[in-house]
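Trainee: Here it is, the structure, as structure tokens.
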Amino acid sequence: MARTDDRNSDGARASSATAAHVQGTRRANPLKYIPGFFYVLVFFIVGKLIFADPRATLVQWGEYHLSWVEVLLVAAAMMAMAEQLRVSHPGIDNTIEAILMGAIAGIQVLLFALGAAGVRPIAIFNNTEFLMLTVISMTQAVVAILINARTLRRTIGVGDNG
């Protein structure tokens, strides 16, 4: 006759197998910590150096005339959504990623403030386009921190029966 005890039940084995699988899929690459808005910031700087007029038509698609900054803003909005998905996995602590997203947003605020204050080498950040990128970055960083905190709290609360 087979014995069943709580420590060796199928549920416990399935839980440990799932935990091992989730932890085993974590990447060891340190580049995973680089926030996506770092790349958006780099593209903005490169675009400012290449294009003299940010509103000049870059792509004409039928009746639509898109400038490089409009394309960049759409890419920034898509990056913001992807960054939020990055920290939304229940049970996985993505606090470092969320804090780094906030750090990039803070750097953007600092660059905009210094540009608006008239610091000469940072004057390229004193414009409406960069202000919009900064607002998108700040919003996504705050939402990412909240999503990460809520998924962690939900994960902690699930196993807490006592």
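The values are calculated or read from the model by the stated rules, or taken from the named source; none is laboratory data. Keep in mind that what you see is a predicted model, and the values were worked out from it rather than measured. Heads up, the Cβs are rebuilt from the backbone with ideal geometry, glycines too, and the neighbour counts pull from every protein chain shown. Quick note on the areas: whole protein, heavy atoms, side chains included, nothing else; ligands and nucleic acids left out. Shrake-Rupley method; radii C 1.70, N 1.55, O 1.52, S 1.80 Å.
Trainee: Are any residues in the stretch 35-55 within 17 Å of residue 132 (Cβ to Cβ), open to solvent by 40 Å² or more (accessible area, probe 1.4 Å) and modelled with pLDDT under 90, and if so, which ones?
Mentor: Residues satisfying the conditions are 51, 53, 55.
Trainee: For the stretch 81-106, give me each residue that is open to solvent by less than 60 Å² (accessible area, probe 1.4 Å) and either in contact with a Ser or Thr (Cβ under 7 Å, 6 or more places away or on another chain) or of a type in the set (Ser, Thr, Tyr) (or both).
Mentor: 88, 91, 95, 104, 105, listed by residue number.
Listed here are the residues, each with its yes/no results for (1) closer than 19 Å to residue 34 by Cβ; (2) free of Cβ contacts under 8 Å to residues at least 40 places away in the same chain; (3) more than 13 Å from the chain's Cα centre (by Cα).
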{"residue": "56", "(1), (2), (3)": "no, yes, yes"}
{"residue": "62", "(1), (2), (3)": "no, yes, yes"}
{"residue": "68", "(1), (2), (3)": "no, yes, yes"}
{"residue": "91", "(1), (2), (3)": "no, no, yes"}
{"residue": "97", "(1), (2), (3)": "yes, no, no"}
{"residue": "101", "(1), (2), (3)": "yes, no, no"}
{"residue": "114", "(1), (2), (3)": "no, yes, yes"}
{"residue": "126", "(1), (2), (3)": "no, yes, yes"}
{"residue": "137", "(1), (2), (3)": "yes, no, no"}
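Trainee: From the list 71, 119, which one is surrounded by fewer than 15 Cβ atoms within 10 Å (Cβ to Cβ), of a type in the set (Val, Ile, Thr), touching a Leu at 6+ places or on another chain (Cβ under 8 Å) and under 21 Å from residue 47 (Cβ atoms)?
Mentor: Testing whether each residue is surrounded by fewer than 15 Cβ atoms within 10 Å (Cβ to Cβ), of a type in the set (Val, Ile, Thr), touching a Leu at 6+ places or on another chain (Cβ under 8 Å) and under 21 Å from residue 47 (Cβ atoms) leaves just 71.
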